[in-house]
Amino acid sequence: TPTHRAMTSWRHDSLGASSSEPLPVVIIGNGPSGICLSYLLSGHIPYVKPGAVHPHPLLQRKLAEAPGVSILDQDLEYLSEGLEGRSQSPVALLFDALLRPDTDFGGSIDSVLSWKRQKDRAVPHLVLGRNLPGGAWHSIEGSMVTLSQGQWMSLPDLQVKDWMRKKCRGLRNSRATAGDIAHYYRDYVIKKGLSHNFVSGAVVTAVEWAKSEHGSPEVQASSPLFQVNGYLTTKDHGHQPFSLRARNVVLATGTFDSPAMLGIPGETLPFVHHDLSALEAALRAGTVNPTSDPVLIVGAGLSAADAVLFARHYNIQVIHAFRRSVHDPGLVFNQLPKMLYPEYHKVQQMMRDQSILSPSPYEGYRSLPEHQPLLFKEDHQAVFQDPQGGQQLFGVSMVLVLIGSHPDLSYLPRAGADLVIDPDQPLSPKRNPIDVDPFTHESTHQEGLYALGPLAGDNFVRFVQGGALAAASSLLKKETRKPP
């Protein structure tokens, strides 16, 4: 199996527990951030194409000042100054502007970057992931259309649209399905020759930082060493422990680890679930069908909307409950352009047009705006508090609580609580991410520890790649400074 092969080569490279020489970099998480960083660390170096002119005049002027110097060797802070867009991260905006020069204006100018393979600049690293490369994309229902446009999911130097064309598949109104994207990420790792860096089925259980007493001083150069422990899932579902030492650890595990809970009585009953795949399974098993009691979907984000669309597709009756008012500007649907997202707009319309009191224009769908779930009962009843403070009771076949998810950093000391921006609040990709230097993505609290993607506050694939660029630039500088 590929896992076994990766493990064997890993042992041959003497990177196992007994190895005296630590690995330069271990990346935890094999989603888009981890894949993109692996590509950069494997010696794929971005340069501005000779003669390319960037449509952003200020950026073009700065790029022209250092012709022939790779982007990784330039001052990212200087280059990203003055760029604006839909990310808080300056390097994300920079990398996005180089890869997709005018995409926000509906243009399709080609990337101004060309990629050169420079093997002598590669930094040895391993990417540890629970699933196949692609991370959480493998656990999303395969036919779901992605929120972002297909080309925004592209990783460097292999456009999703070109990959789809070779597979003879088109993009549905410029957006791909989650199944396509998962397949694309897996394929990318193979096509770009990165497979030997990836270990699938690897679960990390502990990352500890320890200054090594017995290591030779040149290797450590006074920087801390990390011990990464975990296990590999074998074919027969056994666990094979591993232990690695690394000079740098990159956290790229995303947010899909543990679903957010309502914290109400009855939430652990067997008919209450926290992921969409439970609905697929119930459909396949026939426990939910068009004649059964409605499925209750709690939440007003995109996962909840996906569940509504999925259930309606199979004519399953739906009760859709959410805390906010349908006109709340914080509701994600009120922020999406209608043209690009017709099906989410449809859900928004259903939420708005249909409240309990009026006869429904939508057969089999009811929305409960501003309703708080209070209790789920063993006899498949759900109790709600309505906006007037009264109680409402509904019979349901199953419940899907889709109100977001939290990253799981239980493998870090104090579960990573010391690494976030506000240590008194829990880690949250949107409100309280890991505190990193914006131009290196290194933790401001722990040298040698990096965070990418949602953990550092970047939630769209389009923008997580900037974090990989920042980290790669920092890691390359560090590793080339190491004495031989």
Residues that are open to solvent by 70 Å² or more (accessible area, probe 1.4 Å) and either within 17 Å of Leu368 (Cα to Cα) or at pLDDT 80 or above (or both), drawn from the range 315-352: Asn315, Gln317, Arg323, Arg324, His327, Lys346, Arg352
Qualifying residue in the range 234-243 (condition: out of contact with any helix residue (DSSP H, G or I) (no Cβ under 6 Å at 6 or more places or on another chain) and either among the aliphatic types (A, V, I, L, M) or not assigned by the TED database to the domain that holds Gly129 (or both)): no
Conditions (1) open to solvent by less than 10 Å² (accessible area, probe 1.4 Å); (2) not assigned by the TED database to the domain that holds Tyr365; (3) not charged (D, E, K, R): number failed by Leu400: (2)
Enumeration of residues in the range 382-395 that are assigned to a strand (DSSP E or B) and either open to solvent by 50 Å² or more (accessible area, probe 1.4 Å) or not assigned by the TED database to the domain that holds Leu368 (or both): Gln385, Gln391, Gln392, Leu393
Counted residues, the range 267-287 - those being in a helix (DSSP H, G or I), open to solvent by less than 30 Å² (accessible area, probe 1.4 Å) and over 19 Å from Ser367 (Cβ atoms): 2
Selection within the range 247-260 - surrounded by 13 or more Cβ atoms within 10 Å (Cβ to Cβ) and under 22 Å from Gln372 (Cα atoms): Pro259, Ala260
Residue match in the range 410-427 (condition: assigned to a strand (DSSP E or B), over 30 Å from Leu296 (Cα atoms) and either in contact with a strand residue (DSSP E or B) (Cβ under 7 Å, 6 or more places away or on another chain) or at pLDDT 95 or above (or both)): yes
From the options Asn315, Asn289, Asn334, residue that is assigned by the TED database to the domain that holds Arg366, in contact with a Pro (Cβ under 6 Å, 6 or more places away or on another chain) and not charged (D, E, K, R): Asn315
Count of residues meeting criterion [open to solvent by 70 Å² or more (accessible area, probe 1.4 Å), at pLDDT 90 or above and farther than 30 Å from Thr233 by Cα] in the range 88-140: 4
Any hit, the range 214-222, residues being modelled with pLDDT under 90, in a loop (DSSP other than H, G, I, E, B) and open to solvent by 70 Å² or more (accessible area, probe 1.4 Å): yes
Close pairs (7 angstrom Cβ cut-off, 6 or more residues apart or separate chains): open to solvent by 10 Å² or more (accessible area, probe 1.4 Å) in the range 362-374, assigned to a strand (DSSP E or B) and aromatic (Phe, Trp, Tyr) anywhere: Pro369/Phe322; His371/Phe384; Gln372/Phe384; Pro373/Phe384; Leu374/Phe384
Set Thr234, Thr268, Thr205: member being among the hydroxyl-bearing types (Ser, Thr, Tyr), more than 22 Å from the chain's Cα centre (by Cα) and modelled with pLDDT of 90 or more: Thr268
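Just the residues that are in a loop (DSSP other than H, G, I, E, B) and over 29 Å from the mean Cα position of the chain (by Cα), please, taken from the range 41-68.
Those that are in a loop (DSSP other than H, G, I, E, B) and over 29 Å from the mean Cα position of the chain (by Cα): Lys49, Pro50, Gly51, Ala52, Val53, Pro55, Glu65, Ala66, Pro67, Gly68.
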The range 191-204 residues that are in a loop (DSSP other than H, G, I, E, B), paired with ones that are among the β-branched types (Val, Ile, Thr) (beta carbon under 7 Å, 6 or more apart): Gly201/Thr3; Gly201/Thr233
Subset of the range 288-314 that is modelled with pLDDT under 90 and part of a loop (DSSP other than H, G, I, E, B) - its residue that is farthest from Phe333 (Cα to Cα): Tyr314
When residues of the range 464-484 are limited to those that are out of contact with any strand residue (DSSP E or B) (no Cβ under 8 Å at 6 or more places or on another chain), in a helix (DSSP H, G or I) and surrounded by fewer than 24 Cβ atoms within 10 Å (Cβ to Cβ), the one modelled with the lowest pLDDT: Arg481
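The values are calculated or read from the model by the stated rules, or taken from the named source; none is laboratory data. Since this is a predicted model, take the numbers as computed values, not measurements. Quick reminder, even Gly has a Cβ in these numbers, built from the backbone with ideal geometry, and neighbours come from all protein chains shown. Protein only, heavy atoms only, side chains kept; ligands, DNA and RNA dropped before computing areas. Shrake-Rupley method; radii C 1.70, N 1.55, O 1.52, S 1.80 Å.
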